[in-house]
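Asker: One structure follows; several queries about it will come next.
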Amino acid sequence: MDTGSIRTILITDCGSTTTKARLFEKLDSWRFTVAGESPTTVEEPSCDVTIGLRNSFKDLCRKANRDFLDSLCELKPKVDLFLSTSSAGGGLQVVVFGATQRFSAKSATEAALLSGAIVLKSYCFDEGLEREEVIRELKELRPDIIVVSGGFEGGSIRFPLSICELIAAADPQPRFQTDLKMPVILAVNSAAISNLMPILQDKFLVYTCENPRPSLDRERLEPLVNLIHELFIEHVMSQAPGYPKLLEVVDKPVEPTPLAAGRMVQLWGEKLNTSVLCVDIGGATTDIFTYIPGDIVRRTVSANYGMSYSIPYVLKDAAENGLGIVFSPEEKTALYNKMLRPTILPVSFSRLRLEHKLAKAALKLSLQHHLQIISKKGKKWQENESFKPNIVIGSGGVLSHCPFNEYAAEMLIDGFSLRGIVELFTDKVFLLPHLGLLGAYYPELALEIFQNDCLNSVGVLVSPEEVILKRFREELAEVVVNNTYSFTLKKGFRYMAKLPEVIQKIVVKPRFGVFLKSKIFQPQYTMHKIIILDGKV
């Protein structure tokens, strides 16, 4: 990594509700120094994202007691490097068409999600498409990009041909401007391309891409992911209110917020060569990222699970899925009031804990949804197929702003049903997308700041993965930390201990019938001082 003469970096994230500016400076080492925030202004009445951007700059200057604004152009801050991510105006919105749910639609949907998009709808030809209904929905959805996938290489062209005829009949218009053509990506059996182009090229901007599912046992998502991202910059960002002015002043291309966040998860997982689970829980949606060594990061967005706007869906699905999380009528009333006034913070301890309870349900549902999508078996997720991470990172207001580490750890442990020995963190200042974008150009610098200023340790979890003897005695295991501190892991109890020194080594001595994959553990992150002993199995 060579940052040369770069001493100051400003990165903004234009979110759906808030524009977040973060300043990074080279002191003794690279550090995050100041944050500025302002409401996003991409929608009515402002309809110009740069107004909120400029206000976030002014907030940052006020807090830093320094002037970073150029007198000639207030959108061009006086820093060495200016970058930005965005999910404003609903972010990148995609509709996917596939021949079959298990193969082409599944691969195209995952590619769209990995590119940072929200998949508004995934249509599958093998599930039957009601022509009139699909045409009506396409006109109402008005996506930014349509992706057509289907047909193994050398196979039938009937499915993509029928899909393209349906899209041409619907003739959906772009979301921001009706005088520009909508991009359509043909990621299909290459033999079908010549037959499909005449159907679409008069009404749409048609792009071809390598088939993401060329055969039953092969999947290659990267070309489609890259093309969707390129079209996001060329067509979506250039049409959104105020974004052309932003594109002129940034030093590198703007990226979708989830794409940048996923890159940071992958960088961290690759550096440590370990499995990572990361969640970003918002008011309307919850993003889940998973990384397994040797694979790409996998991302899904649960559009109906969040902490304010999506409360009715969380309550409904929590009851129907038997999560074991029950809300009383009084609690439901309080949560519905939260939905109506999403910006109001909890005014009492009981309301705070109610939000934590809601977060656990949203996390459980979101992880189930995530595992259903990324499952290569194409069947409903089962508990014994659960992803078992070694590192878990929680982001989003309810986790990042949690006043006590104990409660943040509780939400992650119960929300994801964590077992084994797991390192737990929160993203304390919402830096994941900022650093993920920086990591595209300076990965070592991004990792340095990520470890020093982004991660907040909430502890190391020690919990049995399995207890065979259900009527076992109270003591499940002896846990020794740093060869000095000895604890007893008790059945049915969870407790947290803060040590006077960082955790360097954990040795677990399980009793007969108690199983853990790792009995000797050395944390990847060398700043943990909290150990969480969980015997609730």
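The values are calculated or read from the model by the stated rules, or taken from the named source; none is laboratory data. Computed from a prediction, not measured in an experiment: that's the story for all the values here. Note that each Cβ is placed from the backbone with ideal geometry, even for glycine, and that neighbours are counted across all protein chains shown. Ligands, DNA and RNA are stripped out before the accessible areas are found, and what is left, the full protein with its side chains, is counted by its heavy atoms. Shrake-Rupley method; radii C 1.70, N 1.55, O 1.52, S 1.80 Å.
Asker: If we keep just the residues of region 191-230 that are in a loop (DSSP other than H, G, I, E, B), under 22 Å from G154 (Cβ atoms) and of a type in the set (K, R), which is least open to solvent (accessible area, probe 1.4 Å)? Reasoning before the result, please.
Answerer: Initial filter on region 191-230 (in a loop (DSSP other than H, G, I, E, B)): 201-203, 209-214, 216-217, 219-221.
Then drop every residue that is not under 22 Å from G154 (Cβ atoms), which leaves 209-214, 216-217, 219-221.
Remaining after also requiring of a type in the set (K, R): 213, 220.
Numbers: R213: 37, R220: 104 Å².
Looking at residues that are in a loop (DSSP other than H, G, I, E, B), under 22 Å from G154 (Cβ atoms) and of a type in the set (K, R), I get R213.
Asker: When region 133-150 is examined, which residues are found to be open to solvent by less than 10 Å² (accessible area, probe 1.4 Å) and not in a strand (DSSP E or B)?
Answerer: Just the residues of region 133-150 that are open to solvent by less than 10 Å² (accessible area, probe 1.4 Å), to begin with: 134, 138, 143, 145-150.
Passing the criteria: V134, L138, P143.
Asker: Kindly provide the set of residues from region 293-305 that are touching a Ser or Thr at 6+ places or on another chain (Cβ under 8 Å), in a loop (DSSP other than H, G, I, E, B) and in contact (Cβ under 8 Å) with a residue 60 or more places away in the chain, ordered by number.
Answerer: V297, A303, Y305
Asker: Tell me which residues, restricted to region 19-55, are more than 23 Å from the chain's Cα centre (by Cα), under 30 Å from F176 (Cα atoms) and small (G, A, S).
Answerer: Selection gives S46, G52.
Asker: Would you confirm whether any residue within region 156-177 is of a type outside the set (F, W, Y), open to solvent by 60 Å² or more (accessible area, probe 1.4 Å) and under 25 Å from G91 (Cβ atoms)?
Answerer: Step one: of region 156-177, the residues of a type outside the set (F, W, Y) are 156-158, 160-175, 177.
Now drop any that are not open to solvent by 60 Å² or more (accessible area, probe 1.4 Å), which leaves 156, 158, 165, 173, 177.
Add one more test, that the residue is under 25 Å from G91 (Cβ atoms), and what stays is 173, 177.
Looking through region 156-177, at least one residue is of a type outside the set (F, W, Y), open to solvent by 60 Å² or more (accessible area, probe 1.4 Å) and under 25 Å from G91 (Cβ atoms).
Asker: Looking only at region 415-429, how many residues end up being open to solvent by 40 Å² or more (accessible area, probe 1.4 Å) and either at pLDDT 90 or above or in a helix (DSSP H, G or I) (or both)?
Answerer: Total meeting the criteria: 2.
Asker: Of all residues in region 306-317, which are open to solvent by 30 Å² or more (accessible area, probe 1.4 Å) and either in a helix (DSSP H, G or I) or touching a Ser or Thr at 6+ places or on another chain (Cβ under 7 Å) (or both)? Can you show your working first?
Answerer: Of all residues in region 306-317, those open to solvent by 30 Å² or more (accessible area, probe 1.4 Å) come to 309, 312-313, 316.
Within region 306-317, P312, Y313, K316 qualify.
Asker: Then there is this: List the strands (runs of 3 or more DSSP E) inside region 430-537, counting only whole elements, that have at least 1 residues being open to solvent by 40 Å² or more (accessible area, probe 1.4 Å). Lay out the reasoning, then the answer.
Answerer: Working: elements: 455-463, 475-481, 485-490, 494-498, 506-510, 530-534.
Per the criteria, 455-463, 475-481, 485-490, 494-498, 506-510.
Asker: Look at region 389-413 and say how many of its residues are assigned to a helix (DSSP H, G or I) and either farther than 19 Å from F349 by Cβ or open to solvent by less than 40 Å² (accessible area, probe 1.4 Å) (or both).
Answerer: Quick first cut of region 389-413, residues assigned to a helix (DSSP H, G or I) only: 397-400, 405-413.
Of the ones still in play, those that are also either farther than 19 Å from F349 by Cβ or open to solvent by less than 40 Å² (accessible area, probe 1.4 Å) (or both) are 397-400, 407-413.
Final tally of qualifying residues: 11.
Asker: Among the listed residues L69, L83, identify the single one that is modelled with pLDDT of 90 or more and either farther than 16 Å from P433 by Cβ or not charged (D, E, K, R) (or both). Walk me through it before giving the result.
Answerer: Working: L69 fails: modelled with pLDDT of 90 or more.
Among L69, L83, only L83 is modelled with pLDDT of 90 or more and either farther than 16 Å from P433 by Cβ or not charged (D, E, K, R) (or both).
Asker: Six or more apart or on different chains, Cβ atoms under 7 Å: show the pairs whose first residue is in region 33-45 and assigned to a loop (DSSP other than H, G, I, E, B) and among the charged types (D, E, K, R) and whose second is modelled with pLDDT of 85 or more and buried (at least 20 other Cβ atoms within 10 Å of the Cβ).
Answerer: Close Cβ pairs satisfying both conditions: none exist.
Asker: Exactly one condition in (1) at negative phi; (2) touching a residue at least 12 places away in the same chain (Cβ under 8 Å) is false for G459; which is it?
Answerer: Among (1) at negative phi; (2) touching a residue at least 12 places away in the same chain (Cβ under 8 Å), G459 violates only (1).
Asker: What tally of residues in region 245-290 results from selecting those that are open to solvent by 20 Å² or more (accessible area, probe 1.4 Å), in contact with a helix residue (DSSP H, G or I) (Cβ under 6 Å, 6 or more places away or on another chain) and more than 17 Å from L438 (Cα to Cα)?
Answerer: 1
Asker: Can T300 be described as under 20 Å from L431 (Cβ atoms), of a type in the set (S, T, Y) and crowded, with 17+ Cβ neighbours inside 10 Å? Lay out the reasoning, then the answer.
Answerer: Numbers: under 20 Å from L431 (Cβ atoms): no; of a type in the set (S, T, Y): yes; crowded, with 17+ Cβ neighbours inside 10 Å: yes.
So T300 does not fit the description; no.
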